[in-house]
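Structure first, then comments.
What follows draws every value from the coordinates through simple rules; no lab data is involved. All of these numbers come straight from a predicted model, not from anything done at the bench. Neighbour counts are summed over all protein chains in view; Cβ atoms, including those assigned to glycine, are modelled from backbone coordinates with ideal geometry.
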Amino acid sequence: MSANQVPERLINFRVYNEDNALVGVADVQLPALEAMTETVKGAGIAGEIDSPTIGHYGSMTVSINFRTVTAAMVSLAAPKAHYLAFQGSIQVYDSAEGKYTTKALKVAVKATPKKTEFGKMDVGAAQESSWEGEVSYLKITLADDEVLELDKFNFICKIDGEDYLETLRSDMGIS
C-alpha cells in the first residue's frame, strides 16, 4: 500500500460457511495471536526474557454474535471443525488523488465449537445469540495478497509470504 493510501474502515462484510451460504447477520470478534513463550534466564543474560516459540501460538478463539437464531448458526454447534469465511471491503482514502477506493478483505478460519448461546426471547428485540469456536486455522487475505496463514495441525506459519515453520517441518521429517 502506498504512503498516499489511508485505510479508514471496514465498510461491511458477510459471514459464509463451508457451503458458501450466508450464516446470518452478525458481528465478529476475530482471533488474537499470542505467542507461546518461555522465560529464559541464566548466565549470559542480564535478567529474564520471555522468548517466543517460533510459529507457535496459544489458544485462539473466534466469536460471532447474531441478531437471531438461524439454521446455519445452529449447525455450527455440531461437534466438528467448521470452515467460516468473513468477506468484506475496507474503505481506503487516496490522499494524492483525493478519492475513495475499496480493498477486499477475507478472513478464513477453521474452528470447532466451544460455546453456542441461543440468546433471549423478547418481543421486538434482537435475540443476542452467539457462537464461539476454537481456531486451528487462520488465513487473512487483503486484496489478492495472502498476508497471514496459520495452520496449527500442519505446522504452517506464513506471515507476509515467509513460512516461519518451513525448516521445523523439514527438521521433523514432515515436509
Original post:
What residue among 93, 83, 137 shows peak mean-square fluctuation when the chain is described by a Gaussian network model with Cα springs under 10 Å?
Top reply: 93
**OP:** Using θ = phi - 60° and the Karplus relation 6.51 cos²θ - 1.76 cosθ + 1.60, list the HN-Hα couplings for the range 149-165 in order, rounded to whole Hz, with x at every Gly or Pro.
**Re:** 9, 10, 10, 5, 6, 10, 6, 10, 9, 9, 10, 6, x, 9, 8, 6, 10
Subject >> Candidates per GluC sites (Glu not before Pro) in the range 84-129, loop by DSSP, up to 15 other Cβ within 10 Å >> reply: 97, 128
**OP:** Mind checking which of 112, 23, 150 is farthest towards the positive end of the chain's charge dipole, using Cβ charges of +1 (Lys, Arg) and -1 (Asp, Glu) about the Cα centre?
**Re:** 23
Original post:
What is the local net charge at residue 159, summed over the other residues whose Cβ is closer than 11 Å to its Cβ (Lys, Arg +1; Asp, Glu -1)?
Top reply: -4
Original post:
So what are the ³J(HN,Hα) numbers for the range 53-62, from phi and the Karplus equation (6.51, -1.76, 1.60; θ = phi - 60°), rounded to whole Hz, Gly and Pro as x?
Top reply: 7, 3, x, 10, 10, x, 3, 10, 10, 10
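Suppose every Lys and Arg Cβ carries +1 and every Asp and Glu Cβ carries -1, with no other charges. What dipole size does the chain come out with about its Cα centre, to the nearest 20 debye? Before the final figure, lay out the partial values.
Numbers: 16 positive and 25 negative charges, 116 e Å.
About 560 debye.
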Original post:
By per-residue mean of other Cβ atoms within 10 Å, what is the highest-first order of 59-65, 164-170?
Top reply: 59-65, 164-170
Original post:
What label, among [x] 1.06; [y] 0.93; [z] 1.09, belongs to Rg/Rh (Cα atoms, Kirkwood Rh) computed from the structure on display?
Top reply: [x]
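Would you mind classifying the range 1-102 by shape? Square roots of the alpha carbon gyration tensor eigenvalues, ordered a ≥ b ≥ c; an a/c under 1.5 is rounded, otherwise it is prolate if a/b is larger than b/c and oblate if not.
In terms of gyration-tensor shape, oblate.
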Original post:
Of 161, 119, 42, which is the most mobile in a GNM of the chain whose springs link Cα atoms less than 10 angstrom apart?
Top reply: 42
Subject >> Positive minus negative residues near residue 86 (Lys, Arg vs Asp, Glu; Cβ under 9 Å) >> reply: +2
Original post:
Hey, fewest Cβ within 10 Å first, where do 84, 148 land in order?
Top reply: 148, 84
**OP:** Select from 52, 113, 31 the residue whose mean-square fluctuation is largest in a Gaussian network model of the chain (Cα-Cα springs shorter than 10 Å).
**Re:** 52
Original post:
Do any of 41/139; 114/139; 80/120; 120/158; 120/152 go past 32 Å between their Cα atoms, and which?
Top reply: 41/139; 120/158; 120/152
